[in-house]
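Asks: Here's a structure for you.
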Amino acid sequence: MESIAWPSFWARFEVYAPWHLRAGLRAADLLIGVVYASLRGARMLRLDAAGCERLVEDASKHALLGPLVDILKLVACLAYFDDARAQSVFRGAPA
Amino acid sequence: MTHLRGEDITREHDCRVDVAIVGSGPAGSTVAHDLTRRGLRVAVIEAGPWREPGDFPLDTFESMGRDYRDMGASVTVGSAPIPYVQAKLVGGASPINGAICWRMPRDVYDEWVARDRALAEGLPWEAIEAHTDAIEALLDVRDTDAEVRGRKAELMALGADALGLRHRPIRRNVTGCEGLGRCMQGCPKGRKNSVDRALLQPAIERGALLISSTEVAEVLVERGRAVGLRGKAAGGGRVTVRADRAVVLAASAVQTPALLLSNGLRGGPVGEHFQCHPGVSAAGRFREPVRMWEGATQGHEVTGLRHEGLKFETLGFGLGLLASRLPGTGRAFADRVAEMAHWLDWGVAVRAEAEGRVRVLGGRTVVFYSPTPRDIARFRRGVRVMGDMFFAAGAETVDAGVRGFSHDLRSPLELAPIERGGPTSAAAFTAAITHMFGTCRMGSDAEASVVGTDFAHHRIARLYIADSSVFPSNLGVNPQVSIMALAAIAAARVAGEGPRA
């Protein structure tokens, strides 16, 4: 994921995504990364990888936060497979 | 005449034709095709751009961003936010759908006529059949070739056989399919006989004017008669099309009522009676690689439970969308993505009984919709049957896509509770809405319907509606060909003829 061309993706996401998807994404980021983490006595940025993973996994099982995790997953997957290298791993090299 | 790209229209553009049409999907393209054959001057205004096969992207993000309204992320307001998908390009959904072609089911037609006997005269069955024959010939509708159906179709056939359910290859409007699995992003080889190529292009060659990338905002009405359309082009110019004979709305069961409502044309139940086919999906994991992205996007279907309002289909998405539907988060999710070749998604289209409504609030179109408890019971049943088919076809585990249930169900016994005592909320399911109907319902009673059985608006002269918003109910099957058959009858009415082909 680290090598994905995020700036190019986000630039196009801002053009393509309707306001409610952009707002939903930011709300998800805020609610899970700040509010939910705080309620569990943690700060997202200070969590190690395993801690982040547990936080997101728990949020995904939450009745209200679960759909927001789904939005985050969707956007992450769209970004990942927007990269031709990720496509080629599954589809093989382009003809 | 020709094709004007909205991006190039930077100033005022006026023209005069016989018939002005909003929307270039299956309905609008059919009307344009049939009216130009009768020698009428036609203009089609479409909100989206024209795409050549070479324009269609490999994966989901670019496709959704460019060719789907709101990036495919429009959601209903109701008991659960369910995404509803609308295209925004020339040809409407036709260039980016699964190319599934169904003739109108006779049982649905009989339901319509039982509700309103006048429909038998306005929409004679033999006329629908004759138009359907002509459309199937024009689109080269045929069974999906066995060579390109893919492993996902073979496994669905295996599962359906084990359960004793009727199944068959999907009939599609595709010639020479190579099984690239990219129908939903648009066929890069141009093998889909979508309406932009099969009907609109010939209409343009006969003189129709296509104005693309132009959003219609106004239906011009003078002294109780529709006289034209006005919209704004992507280039910023204002487009006015005057129509000497008729204005035809064919912008979809969401956009057509939204256009009427935003113009204050509220006569009759405009926007009411919204019906659709919520689709619910589930996934199975197989020991062997099944490479869901290979083979015809949608090549096989199970029709044996259509009488219960359930029709099962193989699915195919771009990799991005496919991955996002895999269960879990974190490392477990990454592991599943890495072995994505082993996962298969199937879907069930539900003939839901719920009725919603389309409204325009603060300039935005809103769809209010909540499935009924009986619809949710159909969701549960559909998921259970899909799971049973997965296991019968050899799946090791099933993810029913139902919140609160394990992502790794290991036997039909573990599935059974979903049907018997599963969730009663639509929010618990992996669902999306396609195929929308009924928001400008056709009928003989001007109080209970928006258009008459001649497709003419009950209250505004020379205004016709030709898309699936006139359908008295949903169909339970893919509507593209039925929409076109009814639009062909609408075109005959606009031309002043009877309904028969």
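No lab work stands behind these numbers, since they all come straight from the coordinates. Treat the numbers as computed from the prediction; the structure is a model and nothing was measured. Positions of Cβ are backbone-derived with ideal geometry, glycine not excepted, and every protein chain shown enters the neighbour counts.
Asks: Once each part is reduced to its C-alpha centroid, what is the distance from region A:65-90 to region B:37-66 in angstrom?
Replies: Answer, in whole Å: 26.
Asks: What do you get when you divide the Cα radius of gyration of region B:62-195 by 2.2 N^0.38 Å, with N the number of residues? Intermediate results must be reported in sequence, preceding the final value.
Replies: Working: Rg = 18.0 Å, N = 134, 2.2 N^0.38 = 14.1 Å.
That ratio works out to 1.27.
Asks: Could you calculate, for the protein assembly as shown, the ratio of the Cα radius of gyration to the Kirkwood radius, expressed as Rg to Rh?
Replies: Numbers: Rg = 23.7 Å, Rh = 24.5 Å.
With Rg and the Kirkwood Rh in hand, the quotient comes to 0.96.
Asks: Okay, moving on. Can you compute the charge dipole magnitude of the protein assembly as shown about its Cα centre, using +1 on each Lys and Arg Cβ and -1 on each Asp and Glu Cβ, nothing else charged? Give it in debye, rounded to the nearest 20. Write down the numbers at each step before the final one.
Replies: Numbers: 72 positive and 68 negative charges, 160 e Å.
It works out to roughly 760 debye.
Asks: Continuing with the same structure: If the only charges are +1 at each Lys and Arg Cβ and -1 at each Asp and Glu Cβ, what is the size of the charge dipole of region B:285-355 around the Cα centre, to the nearest 20 debye?
Replies: Details: 9 positive and 10 negative charges, 47 e Å.
Magnitude of the dipole: close to 220 debye.
Asks: Separate question: Pairs of alpha-carbon atoms within less than 8 angstrom and 6+ residues apart define the contacts here; what relative contact order does chain B have, in percent?
Replies: Values: 1281 pairs, mean separation 123.6, N = 501.
25 percent.
Asks: Turning to a different aspect of this structure: Using every Cα-Cα pair within region B:356-501, state what percent have a distance larger than 19 Å.
Replies: Values: 6852 of 10585 pairs.
Distances greater than 19 Å cover 65 percent of the Cα pairs.
Asks: Using a Cα-Cα cut-off of under 17 Å, which lysines could be cross-linked to A:Lys73, ignoring same-chain neighbours fewer than 8 residues away?
Replies: A:Lys61
Asks: Along the charge dipole of region B:410-458, Cβ charges K/R +1 and D/E -1, which of B:Ile418, B:Ala456, B:Thr434 sits furthest on the positive end?
Replies: So the residue furthest toward the plus end is B:Ile418.
Asks: Expressed in nm to one decimal, what extension gain is obtained for the pair B:Leu361 and B:Arg287 from 0.36 nm per residue of sequence separation less their Cα-Cα distance? Could the numbers behind the result be given before it?
Replies: Numbers: separation 74, 0.36 × 74 = 26.64 nm, distance 5.01 nm.
Here the segment from B:Leu361 to B:Arg287 would lengthen by 21.6 nm.
Asks: Taking H placed 1.01 Å from N in the peptide plane, check which residues at least 5 places from B:Glu396 or on another chain put their amide H under 5 Å from its amide H.
Replies: So B:Glu396 has HN proximity to B:Arg285, B:Phe286, B:Arg287.
Asks: Continuing with this model, one more query. Using +1 at the C-beta of Lys and Arg and -1 at the C-beta of Asp and Glu, which of B:Leu229, B:Gly279, B:Val239 has the Cα lying farthest in the positive direction of the dipole of region B:215-285?
Replies: The residue sitting farthest along the positive end of the dipole is B:Val239.
Asks: For region B:299-351, calculate the relative contact order in percent as a whole number, restricting contacts to Cα pairs under 8 Å that are 6 or more residues apart.
Replies: Values: 49 pairs, mean separation 23.3, N = 53.
Value for region B:299-351: 44 percent.
Asks: With +1 assigned to the C-beta of every Lys and Arg and -1 to the C-beta of every Asp and Glu, and no other charges, what is the dipole magnitude of region B:1-58 about the Cα centre in debye, to the nearest 20?
Replies: Values: 7 positive and 9 negative charges, 52 e Å.
Its charge dipole is roughly 240 debye.
Asks: Could you pull out every one of the aspartates and glutamates with an alpha carbon less than 17 Å from that of B:Lys152, ignoring same-chain neighbours closer than 8 positions?
Replies: Filter leaves B:Asp143, B:Asp161, B:Glu178, B:Glu288, B:Glu294, B:Glu301, B:Glu313, B:Glu339, B:Asp345, B:Asp388, B:Glu396, B:Asp399.
Asks: Another question, then. So for B:Asp467, A:Asp83, fewest C-beta neighbours within 10 Å to most, what's the order?
Replies: Values: B:Asp467 33, A:Asp83 20.
With the sparsest Cβ surroundings first, the list reads A:Asp83, B:Asp467.
Asks: If R₀ is 22 angstrom, what is the calculated FRET efficiency for the pair B:Ala114 and B:Phe368, using the beta carbon separation as r and rounding to 0.05?
Replies: Values: r = 27 Å, r/R0 = 1.25.
Efficiency for this residue pair is about 0.20.
Asks: Could I ask something else about it? Among B:Gly54, B:Ala27, B:Gly65, whose Cα sits farthest toward the positive end of the charge dipole of region B:14-77 (+1 at Cβ of Lys/Arg, -1 at Cβ of Asp/Glu, about the Cα centre)?
Replies: Value computed over the given set: B:Ala27.
Asks: Run down the lysines and flag those whose C-alpha is under 22 Å from the C-alpha of B:Lys88, throwing out any fewer than 8 positions away in its chain.
Replies: List returned: B:Lys189, B:Lys192, B:Lys232.
Asks: So what J values fall out for region B:84-91 if you push phi through Karplus, 6.51 cos²θ - 1.76 cosθ + 1.60 with θ = phi - 60°, rounded to Hz, Gly and Pro as x?
Replies: Each residue's phi maps through the Karplus curve to give 10, 9, 9, 7, 9, 7, 5, x Hz.
Asks: Where the centroid of each part is defined by its Cα atoms, how far is region B:350-393 from region B:150-166 in Å?
Replies: 24 Å
Asks: Can you pull the Kirkwood radius for chain B, inverse mean 1/r over Cα pairs, to one decimal in Å? Let's see the in-between values first.
Replies: Values: mean 1/r = 0.0438 Å⁻¹.
Evaluated over chain B, this radius sits at 22.8 Å.
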